[in-house]
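**Student:** For reference, the structure I am asking about is given below.
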Amino acid sequence: MAATQRQLHLNAFLMEAGHHEAAWRLPESNPRADFDLQHWIELAQLAEDAKFDSLFLADGPALTGSGEYRPPGQLEPLTLLTALSQHTSRIGLIATVSSTYNDPYNLARRLASVDHVSGGRAGWNIVTSAGADEAANFGLLERPDHALRYERADEFLTVAKALWDSWETEAVLGDKDSGRYADPMRLHPIDHDGGHFRVAGPLNVERPPQGHPLLVQAGSSEDGKKFAARHAEAIFTAHQTYERAADFYRDVKSRALAAGRDPDSVLILPGIVPFIGSTQREAIELAQRFDDLRIPEFGLAQLAWNFETDPSVFELDSPLPDFILARPRLQGSQSRSDLIIELAVREQLTVREILSRLGGGRGHFTFVGTPDQVADTIVSWFEGGAADGFNIMAPALPSGLAAFIEHVLPILRSKGLFRDEYQGKTLREHYGLAAPPNQFHESDAHFASDIS
């Protein structure tokens with residue numbers, strides 16, 4: 001029997017009016033999309049109708065910028081996912097939630113609840129929160145050290161997994177004749193006492209339908225890759241070139257193997273921001289239309305935030321300053337800052353040109369071309385060992401997502417690389433991932449030692 005053809009995993013990364021920083025300024029855009037529930041419902045249904053594996057909501061516990069040039073806020077993502085779960089039935093629902101500014105019990109409970117409410121479609125993008133402004137919102141004068149944030153996140157995941165496992169599947173009896181609702185021997189305290197948390201357990205929510213919500217990670221620093229090798233089941237990542245993406249792919253897969261995991265159970269999805277035109281010229285004109293709407297002051301503020309410095313250090317028509325090119329050690333997103341430096345050096349860009357390149361997707365791979373060119377690029381990365389799928393980051397929403405669905409998906413389907421219909425009901429089934437064994441179940445007792 002012939003082996004089943006490997007297929008792409010596609011995630012619709014949704015961001016209010018679109019990923020381009022000026023998307024809200026387009027005549028056809030809804031500038032209040034960020035708080036318009038109907039906008040989000042329509043996007044979710046559009047992605048589900050196209051049979052995307054999942055949709056994804058980014059988040060951070062602080063205002064994004066000053067609010068002067070781009071919408072700075074967003075609805076709390078687990079609340080929004082819960083609403084979207086009632087207007088969809090199959091698509092996976094993934095949201096970013098910080099491990100740094102939450103506690104394991106409350107967050108494990110909320111994520112388990114979303115998985116129940118959605119029928120097993122929840123995913124958690126685990127971040128450690130890089131911004132000093134985020135720390136200030138939680139009473140901290142300084143953000144926690146980069147390595148310490150990942151150390152805490154590692155213990156956080158150990159606790160969350162134990163809490164999700166604290167109800168065995170057979171715990172609920174519901175025996176009306178005997179009057180026994182549950183078997184208390186199958187409800188387990190976790191009695192965790194670690195360096196960052198003391199948690200008794202058990203959770204007060206039944207084990208999620210997926211066992212654990214799908215665990216996603218988005219950091220590409222050394223600490224981030226170590227964490228991903230231990231915990232992540234999908235990785236959202238940013239790369240500007242195939243070569244960098246392929247290097248990252250090999251590195252993370254080998255780390256997963258060294259951690260005793262099946263590398264095929266760790267899916268890597270780079271981001272792509274596609275500007276799609278029926279001809280190359282039309283695609284270029286579309287991208288230029290967006291670029292003409294950018295406000296340089298916004299881009300400079302974002303660039304300064306990335307490098308933890310002041311916007312005044314940059315000159316628009318000069319290269320990056322020498323002290324930036326020296327790659328100072330940052331407490332924020334080190335991997336994203338390194339990506340920007342590599343882009344600037346490789347293409348010998350001025351600051352003005354850097355801002356243009358970052359305007360579409362904040363450092364994610366921006367591609368301008370025809371549907372065939374977009375599809376060919378996706379296929380070459382996928383078949384060449386640089387990706388298991390992609391985050392589709394439409395520059396404007398809903399138009400950019402609709403264009404990808406209408407013009408690129410049929411090409412991918414004609415190559416047998418993307419589904420026509422959903423085969424499973426849960427997010428794990430879409431991603432081809434098994435439910436994790438329960439560490440407290442007798443038949444899975446060996447598993448407890450793997451996460452202790």
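Here, each number is a calculation from the coordinates, and none is a lab measurement. Please read all numbers here as calculations on a predicted model, not as lab measurements. Note that each Cβ is placed from the backbone with ideal geometry, even for glycine, and that neighbours are counted across all protein chains shown.
**Student:** Within the stretch 165-186, which residues have the backbone N less than 18 Å from the label spot 7 Å out from Phe197 along Cα→beta-carbon, could you tell me?
**Tutor:** Only 165-168 pass the distance filter.
**Student:** Still on this model: What is the ratio of the Cα radius of gyration of the stretch 378-438 to 2.2 N^0.38 Å, where N is its residue count, to two decimals?
**Tutor:** That works out to 1.34 for the stretch 378-438.
**Student:** Counting only residues 5 or more places away or on other chains, whose amide H sits under 5 Å from the amide H of Ser221 once H atoms are built in the peptide plane?
**Tutor:** Here Ser335 satisfy the definition.
**Student:** Could you work out the relative contact order of the chain? I mean the mean sequence separation of Cα pairs under 8 Å and 6+ apart, divided by the number of residues, in percent. Can you show the working numbers first?
**Tutor:** Values: 815 pairs, mean separation 99.4, N = 452.
Once normalised by length, the contact order is 22 percent.
**Student:** So how far apart, in nm, are the two label points at Glu42 and Gln5 if each is 7 Å from Cα heading toward Cβ?
**Tutor:** Going by the 7 Å Cα→Cβ label model, 3.4 nm.
**Student:** Still on this structure: Using R₀ = 22 Å, calculate the FRET efficiency as 1/(1 + (r/R₀)^6) where r is the Cβ-Cβ separation of Gln423 and Ala402; round to 0.05.
**Tutor:** Approximately 0.35, to the nearest 0.05.
**Student:** Each residue of the stretch 143-153 in order: what ³J(HN,Hα) in whole Hz does its phi give by Karplus 6.51 cos²θ - 1.76 cosθ + 1.60, θ = phi - 60°, with x for Gly and Pro?
**Tutor:** Running phi through 6.51 cos²θ - 1.76 cosθ + 1.60 with θ = phi - 60° gives 5, x, 4, 3, 5, 5, 4, 6, 4, 5, 4 Hz.
**Student:** Taking neighbour counts of Cβ atoms within 10 Å as a proxy for exposure, in what order, fewest first, do Leu14, Leu303 appear?
**Tutor:** Fewest-to-most ranking of Leu14, Leu303: Leu303, Leu14.
**Student:** Under a crude label model (7 Å from the Cα following the beta-carbon direction), how far is Lys226 from Val345 in nanometres?
**Tutor:** Once both label points are built, they end up 2.4 nm from each other.
**Student:** Arranged by the count of other C-beta atoms within 10 angstrom, fewest first, what order do Thr4, Thr370 take?
**Tutor:** Thr4, Thr370
**Student:** Please check which bits of the stretch 197-235 a label hung off Thr169 would reach, taking the label as a point 7 Å along Cα-to-C-beta and the cut-off as backbone N under 13 Å.
**Tutor:** Those under the cut-off are 207-212.
**Student:** Related question: For the stretch 38-188, what class follows from the C-alpha gyration tensor (a ≥ b ≥ c being the square roots of its eigenvalues): rounded when a/c is under 1.5, otherwise prolate if a/b is larger than b/c, else oblate?
**Tutor:** oblate
**Student:** Among Lys253/Lys425; Lys225/Lys425; Lys225/Lys253; Lys161/Lys225; Lys51/Lys225, which pairs are too far apart, with a Cα-Cα distance over 21 Å?
**Tutor:** On the way: Lys253/Lys425 27 Å; Lys225/Lys425 30 Å; Lys225/Lys253 10 Å; Lys161/Lys225 19 Å; Lys51/Lys225 29 Å.
From Lys253/Lys425; Lys225/Lys425; Lys225/Lys253; Lys161/Lys225; Lys51/Lys225, over 21 Å: Lys253/Lys425; Lys225/Lys425; Lys51/Lys225.
**Student:** Got a sec to turn the phi values of the stretch 401-409 into Karplus ³J(HN,Hα) couplings, 6.51 cos²θ - 1.76 cosθ + 1.60 with θ = phi - 60°, whole Hz, x for Gly and Pro?
**Tutor:** Karplus values, whole Hz, x for Gly and Pro: 5, 4, 5, 5, 5, 6, 10, 9, 4.
**Student:** Let me ask you something else. With +1 on each Lys and Arg Cβ and -1 on each Asp and Glu Cβ, how big is the dipole of the chain about its Cα centre, in debye rounded to the nearest 20?
**Tutor:** 400 debye
**Student:** On to the next question. Which is farthest toward the positive dipole end of the chain among Asn106, Gly416, Pro77, measuring Cα position about the Cα centre, with Cβ charges +1 (Lys, Arg) and -1 (Asp, Glu)?
**Tutor:** Gly416
**Student:** Taking a quarter of the surface of the convex hull around the Cα atoms of the chain, what do you get in nm²? Mind showing how you got there, number by number?
**Tutor:** Values: hull surface 93.3 nm².
Directional mean of the projected Cα hull area for the chain stands at 23.3 nm².
**Student:** Quote to one decimal, in nm, the extra length available between Leu140 and Glu243 on full extension: 0.36 nm per residue of separation minus the C-alpha distance between them.
**Tutor:** Difference between extended and current length: 33.1 nm.
**Student:** What shape does the stretch 179-251 have by the C-alpha gyration tensor, where a ≥ b ≥ c are the square roots of the eigenvalues, rounded means a/c under 1.5, and otherwise prolate means a/b greater than b/c and oblate the rest? Each step should come with its number before you reach the end.
**Tutor:** Working: a/c = 4.74, a/b = 2.37, b/c = 2.00.
Cα axes put the stretch 179-251 in the prolate bin.
**Student:** Counting other beta carbons within 10 Å of each residue's own, what order do Lys51, Lys226, Lys176 fall into, fewest first?
**Tutor:** On the way: Lys51 19, Lys226 16, Lys176 8.
Fewest to most other Cβ atoms nearby, the residues stand as Lys176, Lys226, Lys51.
**Student:** If you don't mind, another one. Name the residues whose placed amide hydrogens come within less than 5 Å of the amide hydrogen of Leu55, ignoring near sequence neighbours (fewer than 5 apart) on the same chain.
**Tutor:** Ala12, Gly92, Leu93, Ile94
**Student:** Output wanted: per-residue J couplings in Hz (rounded whole) for the stretch 61-72, from phi through Karplus 6.51 cos²θ - 1.76 cosθ + 1.60, θ = phi - 60°, x for Gly and Pro.
**Tutor:** x, 7, 4, 8, x, 8, x, 6, 10, 8, x, x
**Student:** Between Asp376 and Glu76, take the C-beta separation as r, use R0 = 60 Å, and let me know the FRET efficiency to the nearest 0.05.
**Tutor:** 0.95
**Student:** Which far-off residues, 5 or more places away or on another chain, put their amide H under 5 Å from the one on Val97, with H placed in the peptide plane?
**Tutor:** Asn125, Val127
**Student:** With each label point set 7 Å from Cα along the Cα-Cβ vector, what nm distance links His441 and Glu383?
**Tutor:** Distance between the two pseudo-spin positions: 3.9 nm.
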